[in-house]
Amino acid sequence: MRKISITLTVLLIGLAFWSCQKSDYRPVKQYAIEQFMNTTRIFGSSFSPDEKTLLFSSNKTGIFNAYTVPVAGGEPTPLTDSKDNSVFAISFFPNDNRILYSSDKGGNEINHIYVRDEDGTARDLTPGDTAKAQFYGWSHDDKSFFYGFNQRDKRFFDVYEMDIATFTPAMIYQNDKGLNFGDISNDKRYIAFSKSTTTNNSDMYLYDRETQEMKHLTPHEGDVQYSPETFSVDSKSLYFLTDEGDEFQYLKRYDIASGQSEKVEATNWDIWYAYFSRNGKYRVVGINNDAKTEIKIYDTATNQPIELPKLPNAEITSVNISRSENLMTFYLNGSRSPNNLYAYDFATKKYTQLTNTMNPEIDQSDLVEAQVVRYKSFDGVEIPSVYYKPQHIKPGEKAPALVWVHGGPGGQSRVSYSPLIQYLVNHGYAVIAVNNRGSSGYGKTFFKMDDLKHGEEDLSDCVEAKKFLAATGYVDEKKIGIIGGSYGGYMVLAGLAFRPEEFAVGVDIFGVANWVRTLKSIPPWWESFREALYKEMGNPATDEDYLRRISPLFHPDKITKPLIVLQGANDPRVLKVESDEIVEAVKKNGVPVEYVVFDDEGHGFMKKENEIEGYKAILYFLDKHLKGMEGEVTGTN
């Protein structure tokens with residue numbers, strides 16, 4: 001990331017000037033969490049064979065189901081009506097209007113693949129109480145699809161091909177070495193895999209189904225990442241991502257016949273992904289550009305980028321090009337606008353908005369535009385972050401604030417719509433979403449800075465965010481809390497336990513309390529990167545003393561500030577016992593602790609009614625313990 005360096009002095013001067021501007025203040029309407037959650041979450045898109053209809057997923061009814069919408073525009077139509085478990089649309093069939101979808105049980109992440117026939121009946125194509133299936137893609141001849149299935153061994157995903165005329169599955173590769181599927185060539189001869197050694201180091205392999213030979217493509221020394229992305233349409237080349245000799249991932253092409261590789265594209269940021277349209281007319285590239293997604297589409301005949309629609313204050317993501325290569329879909333979103341689905345005609349260059357997901361009761365001008373900011377940490381390392389300033393802070397007022405920590409480890413806070421963040425900001429809380437060292441998107445050196453230092457230097461980056469907030473001039477330094485989910489929830493607990501005077505309150509959303517247990521109990525299907533995770537976090541068999549030292553559960557007596565914990569009972573990653581035990585341990589200190597458990601959720605909340613209950617509880621807790629508004633419940637008008 002060859003970013004512009006901003007000195008702390010210049011940054012503070014700029015912020016002081018910014019905070020003094022009266023034009024920053026404007027009164028806004030406050031909205032209830034029910035109004036924020038009445039905004040619809042949608043994702044995915046698949047063209048019907050005649051390219052007149054699109055399939056996508058929506059939680060309009062309060063839980064995710066499969067919907068269709070006409071490409072020309074019109075009202076979405078529900079295809080499924082699940083009331084208990086989320087349905088995630090995968091794809092139309094290549095030559096008819098049947099669909100595939102995925103679903104688990106109460107957030108347990110044991111997903112199965114289902115077919116929904118045109119008459120509305122559905123059946124499970126990958127049955128098994130403990131077997132998990134992952135869709136890999138359709139065959140180029142339209143006769144089958146490929147998927148990963150861990151029925152044989154819960155640790156590994158074997159590669160299967162499912163014939164769609166008879167729905168007969170066939171294992172085409174038995175995965176006994178924890179390889180990660182990359183892609184399969186259009187002629188079905190080659191399968192590309194990767195293998196993780198650490199979170200910073202991986203290898204790439206090419207399996208020839210004709211010769212049954214597995215070829216190691218990337219022997220190397222040192223930490224280098226290799227990730228297979230896609231085969232060329234003619235099955236003669238493999239395109240892959242690597243950071244070899246660079247801080248950032250770039251795109252290369254491997255010629256299968258000659259064994260030679262060449263660089264295709266590089267930028268000053270990580271290239272996230274690359275793929276071709278069905279017949280190879282277009283190459284789509286996604287770039288992680290400073291916490292925003294940048295899409296490039298190239299005409300492969302000229303290797304020149306095509307012009308994309310110009311749409312203000314939002315970014316184009318999730319491009320999907322139709323089989324005819326005449327149309328594409330994309331999503332548009334921004335920090336003040338949730339995902340909306342669009343269709344685009346390459347010939348006419350006209351686009352059509354197909355959904356309107358924002359609750360019409362909410363005036364988007366009342367919401368806050370996120371800003372990418374940077375500050376220097378304790379050792380001079382620059383920490384990129386995403387900042388949300390409430391618009392309704394009056395001159396001279398001091399607002400409470402929250403340091404938001406993303407999941408991971410290795411995640412990233414990005415400029416996108418978050419109903420919870422906007423809800424909190426709308427009710428007067430400044431929020432800085434920190435990309436502490438170890439976050440992805442800022443180069444491999446930055447990414448590995450927190451290895452075997454969790455709860456220490458990464459936590460210090462979060463503490464240093466308080467100086468940024470204080471420098472604004474409008475944040476009350478005594479009213480700064482910390483909030484996060486998963487790894488971010490761990491950072492909340494670590495902040496309260498290991499830096500007990502820094503944060504006034506903590507909001508832990510299914511966070512790790514005991515790394516020894518969590519690392520021993522990770523889901524079996526994580527086996528392919530178990531060792532990589534151990535090398536970053538510590539091995540519970542050999543590093544238990546270190547893991548106990550950084551685990552808040554073994555230091556609960558140090559937690560003296562109010563805490564709220566949210567947890568899904570079916571979470572397979574952070575077990576409910578983690579939250580049970582930290583809550584009980586902290587209560588013994590006489591510290592105010594609140595605990596919200598959802599019996600029908602896993603690692604992340606999928607049901608609107610649960611999100612409403614949980615987010616309302618968070619605001620009530622913050623108003624009571626951070627704003628000092630005990631007895632009042634805000635956000636319920």
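The values are calculated or read from the model by the stated rules, or taken from the named source; none is laboratory data. As the structure is a prediction and not an experimental result, all values here were calculated from the model. Virtual Cβ from ideal backbone geometry, glycine too; neighbours counted across all protein chains shown.
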Query raised in the report: Pick from Ala470, Ala494: which is under 24 Å from Glu382 (Cβ atoms), touching a Pro at 6+ places or on another chain (Cβ under 6 Å) and in a helix (DSSP H, G or I)?
Result: Ala494
Query raised in the report: Are any residues in segment 201-226 within 15 Å of Ile184 (Cα to Cα) and buried (at least 19 other Cβ atoms within 10 Å of the Cβ), and if so, which ones?
Result: Met204, Tyr205, Leu206, Tyr207
Report summary line: (1) touching a Ser or Thr at 6+ places or on another chain (Cβ under 9 Å); (2) aliphatic (A, V, I, L, M); (3) in a helix (DSSP H, G or I) all hold for Val512 apart from (3)
Query raised in the report: Taking strands (runs of 3 or more DSSP E) that fall entirely within segment 348-415, which contain at least 1 residues that are touching a Pro at 6+ places or on another chain (Cβ under 7 Å)?
Result: 351-353, 371-376, 399-405
Query raised in the report: If you scan segment 388-409, which residues turn out to be at pLDDT below 95, small (Gly, Ala, Ser) and closer than 30 Å to Gly441 by Cα?
Result: Gly408
Requested in this report: Filter segment 47-67 for residues that are buried (at least 20 other Cβ atoms within 10 Å of the Cβ), not in a loop (DSSP other than H, G, I, E, B) and not aromatic (Phe, Trp, Tyr) and give the result.
Outcome: Leu54, Leu55, Ser57, Ser58, Asn65, Ala66
Query raised in the report: Is at least one residue of segment 432-444 surrounded by fewer than 23 Cβ atoms within 10 Å (Cβ to Cβ), assigned to a helix (DSSP H, G or I) and more than 15 Å from the chain's Cα centre (by Cα)?
Result: yes
Report summary line: Of those in segment 287-320 that are polar (S, T, N, Q) and not in a strand (DSSP E or B), the residue nearest to the chain's Cα centre (by Cα) is Asn313
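This table checks each residue for (1) of a type in the set (Phe, Trp, Tyr); (2) buried (at least 19 other Cβ atoms within 10 Å of the Cβ); (3) modelled with pLDDT of 95 or more; (4) under 20 Å from Tyr429 (Cβ atoms).
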position: Glu325; (1), (2), (3), (4): no, no, yes, no
position: Met328; (1), (2), (3), (4): no, yes, yes, no
position: Asp345; (1), (2), (3), (4): no, no, yes, no
position: Leu354; (1), (2), (3), (4): no, yes, yes, no
position: Gln371; (1), (2), (3), (4): no, no, yes, yes
Query raised in the report: What pairs can you find where one residue is in segment 176-195 and closer than 16 Å to Tyr273 by Cα, the other is part of a loop (DSSP other than H, G, I, E, B) and modelled with pLDDT of 95 or more, and their Cβ atoms are less than 6 Å apart, with a gap of 6+ or different chains?
Result: Phe193/Leu179
Query raised in the report: When you look at Val591, is it out of contact with any Gly (no Cβ under 8 Å at 6 or more places or on another chain) and more than 24 Å from Asn85 (Cα to Cα), yes or no?
Result: yes
**Report entry** Flag if Val591 is within 15 Å of Gly485 (Cβ to Cβ) and in a loop (DSSP other than H, G, I, E, B)
**Finding:** no
Requested in this report: Could you tell me which of the residues Gly495, Gly506, Gly488 is touching an Asp or Glu at 6+ places or on another chain (Cβ under 8 Å), crowded, with 23+ Cβ neighbours inside 10 Å and within 24 Å of His625 (Cβ to Cβ)?
Outcome: Gly495
Query - Single unsatisfied condition, Lys448 versus (1) within 30 Å of Phe529 (Cα to Cα); (2) modelled with pLDDT under 95; (3) not aliphatic (A, V, I, L, M) - result: (2)
